[in-house]
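Before any comments, here is the structure.
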Amino acid sequence: SGTMARCKAKMLDGAEMEDELRDNLAKSVAFLELWDVYGALLTERQRLVTDLFFNCDLSLSEIAEQTGVSRQSVSDCIHKVKRQLGGYEEKLGFVRAMRREREARAALSARLKDRIERMKGEHPELKSELEALESALQEE
């Protein structure tokens with residue numbers, strides 16, 4: 001039938017679906033990073049709605065029912081919060097700075113681990129001290 005053909009035309013193949021899911025997950029993770037950093041700047045209602053949507057995985061309808069507002073109001077709130085948090089990040093850059101710091105720490109840790117491994121071979125007498133240092137690095 002015509003309806004089935006339209007539905008099939010809209011269906012994504014496996015690779016497209018995987019790409020879309022990966023993109024949606026990346027967007028959600030990015031939003032949650034912003035929410036973790038700037039969430040305290042939101043109103044109580046905005047925090048509640050976004051927490052229910054992103055952290056509790058409730059639908060717009062379920063959130064609307066729990067909070068006593070329309071589904072459209074919940075949708076508007078989520079979109080407004082996304083813009084708001086993006087604006088905070090654009091002006092303040094805390095999440096960007098945290099990412100840079102995390103990347104720098106990871107690079108430094110990898111370099112230290114490589115150096116420890118080389119030193120174990122060059123200085124077997126320092127094995128226990130180097131293993132203690134290696135253990136301390138793994139705890140971070």
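The values are calculated or read from the model by the stated rules, or taken from the named source; none is laboratory data. In this text the structure is predicted, and so the values were computed from the model without any measurement. As a convention, Cβ positions derive from the backbone with ideal geometry for all residues, glycine included, and neighbour counts pool all protein chains shown. These area figures cover heavy atoms from the full protein model, side chains too; ligands, DNA and RNA do not enter into them. Shrake-Rupley method; radii C 1.70, N 1.55, O 1.52, S 1.80 Å.
Roughly what angle does helix 94-122 make with the longest principal axis of the chain, taking Cα atoms, 0 to 90 degrees, to the nearest 10? So the helix axis and the longest Cα principal axis differ by about 30 degrees.
The accessible surface of region 45-97, taken with every protein chain in place and a 1.4 Å probe, is 50 percent carbon and sulfur. At a probe radius of 1.4 angstrom, the accessible area of the chain per residue rounds to 74 square angstrom. The modelled label-to-label distance for the pair Ser59/Ala26, using points 7 Å beyond Cα in the direction of Cβ, is 2.9 nm. Candidate values (1) 9.4; (2) 8.5; (3) 14.2 were compared with mean projected area of the Cα convex hull in nm² computed on the shown model; the agreeing label is (3).
Cross-chain or 8 or more residues apart, Cα under 21 Å: how many lysine pairs in the chain fit that? Count them up, please. Each step should come with its number before you reach the end.
Working: Lys27/Lys80; Lys27/Lys82; Lys27/Lys91; Lys80/Lys91; Lys82/Lys91; Lys113/Lys127.
Eligible lysine pairs with Cα atoms under 21 Å apart amount to 6.
Using only Cα atoms and rounding to the nearest 10 degrees, what angle (0 to 90) does helix 71-92 make with the longest principal axis of the chain? With rounding to tens, the tilt is 40 degrees.
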